[in-house]
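Here is the structure we will look at, set down as structure tokens.
Please treat every number below as a calculation from the coordinates, not as lab data. Just so you know, these numbers come straight off a predicted model, no measurement behind them. Here the Cβ is made from the backbone with ideal geometry for all residues, glycine too, and neighbour counts use every protein chain on show.
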Amino acid sequence: MTKTEEELIKEVEELSKKYIIPFPIEWCAKLFPKELEKWIEYIGSKSLSNIKYTFSQHSYRGPIHVRGMWKRVWYLFLDDRDSTSIRIFRLPDYPMEGEVTAYDEGRGPKKYLDFEGETEPDTRFNPNLKIKGEIKILSRGSVDYNTGVEEGEEIIRLKFLSGNLKGIWELIQEEKGSDTFTFKRPRSLGGEKGTFVYHKHTIRNKYHYDLRYMKEGSKIVDEFNLYSDLREGESKASKKECFDQTWMSIKGREERKIGGLSTLVEYIDGGDIQIIEENPDFISFNLNDKDLKGYYIAKRLDKGWIVKRSNNP
């Protein structure tokens, strides 16, 4: 859904707290709203490999007049390579037991990555006014970190490389502007596997891009004709099927005759594809190669299709 001029200005002003904005905000929001919306989506995303993380358990005593039971919460600290601070998420429940709520507590000093031992009363991690608490690190190490925004909501994908969180997890914002997230393992993707190729196709002096794929065991080549380069952002598209499997084997540059016209096909990328969900109006899939890597979705619109990258299958 296209954002209003006021919404665009507000989002860019928020980004200006972290980035230098190289253009007049109001001018761009008024004259180039679609381009500005794409820029916001691009600049707001971040993908980092092997950043540091710490997952810890924080214990403190409750009020003495109600038996003084020990209370426990869990914290996930993520070092997203900001120069001075890290991201902090508080989890009231233990995530290994299932999907839990996580609260974004903003940023804090990097020393929190190494916090362990007693906590003094009436401090950030110990609200008890008199009795000391305790922090215990449950796991720490490296995590692949990918964050992006979809329809205003932040989605963070995490691939923990070690510890009791090892594997893929997601932090999904409840709604735009909220500090409440869901922390969970993604559902099993399942679906069908296959291979894909990505070509630039020039006919006379015009060109478009083609994303073709074949599912394992199929003799049909599924094809999206893309009006712009998928590597640079979303693209309008048309969808069709063909039985000429030789398109899948084109590498390098090759001339092809189409309807009596000489055309030039140039190989850009290719690799594995996993079709996660597929129906007549919607397809979600994962591509795995050099340039096209990650989740993508294709939606049928009133006129044709749109294909774009997604942070969530």
So how tilted is helix 33-43 from the main axis of the chain? Cα-based, degrees 0 to 90, rounded to 10. 60
If you only keep lysine pairs separated by 8 or more in sequence, or across chains, how many in region 127-185 come under 23 Å at the Cα atoms? 6
Straight-distance crosslink candidates among lysines, where the alpha carbon sits under 25 Å from Lys257 and sequence neighbours closer than 8 are dropped: Lys200, Lys206, Lys219, Lys236, Lys239, Lys240
When the Karplus curve 6.51 cos²θ - 1.76 cosθ + 1.60 is applied with θ = phi - 60°, which whole-Hz ³J(HN,Hα) does each residue of region 106-122 get, with x for Gly and Pro? x, 10, x, x, 5, 5, 4, 4, 10, 5, 7, x, 6, 10, 6, x, 6
Under 5 Å between amide H atoms, partner at least 5 residues away or on a different chain: which partners does Ser139 have, H built in plane at 1.01 Å? Phe55
What are the ³J(HN,Hα) couplings of region 52-61, residue after residue, when phi is run through the Karplus curve with 6.51, -1.76, 1.60 and θ = phi - 60°? Round to Hz, x for glycine and proline. 7, 9, 9, 10, 9, 10, 10, 10, 7, 7
Beyond 31 Å, how much of the Cα-Cα pair distribution for the chain remains, as a whole percent? 46
The set of residues whose placed amide H lies less than 5 Å from the amide H of Asp269, leaving out same-chain residues fewer than 5 positions away, is Tyr198
Please report, in debye to the nearest 20, how large the charge dipole of the chain is about its Cα centre when each Lys and Arg carries +1 at its beta carbon and each Asp and Glu carries -1 there. 640
Once phi is turned into θ = phi - 60°, what whole-Hz ³J(HN,Hα) does the Karplus curve with 6.51, -1.76 and 1.60 give for every residue of region 167-179, x standing for Gly and Pro? x, 9, 10, 9, 10, 10, 5, 5, 7, 4, x, 7, 9
Per the rule of 0.36 nm per residue minus the C-alpha distance, extending Asp93 to Val73 adds in nm 6.6 nm
Under a point spin-label approximation (7 Å from Cα along Cα-to-Cβ), what is the Lys200-Asn50 distance to one decimal in nm? 3.2
Rounded to the nearest 10 degrees, the helix 5-15 long axis (Cα) sits at an angle to the longest Cα principal axis of the chain of 60
At 1.567 mPa s and 4 °C, Stokes diffusion of region 43-143 via Kirkwood alpha-carbon radius, µm² per second: 89
Could you give the Stokes-Einstein D for region 196-313 in µm² per second, using the C-alpha Kirkwood radius, 20 °C, 1.002 mPa s? 147
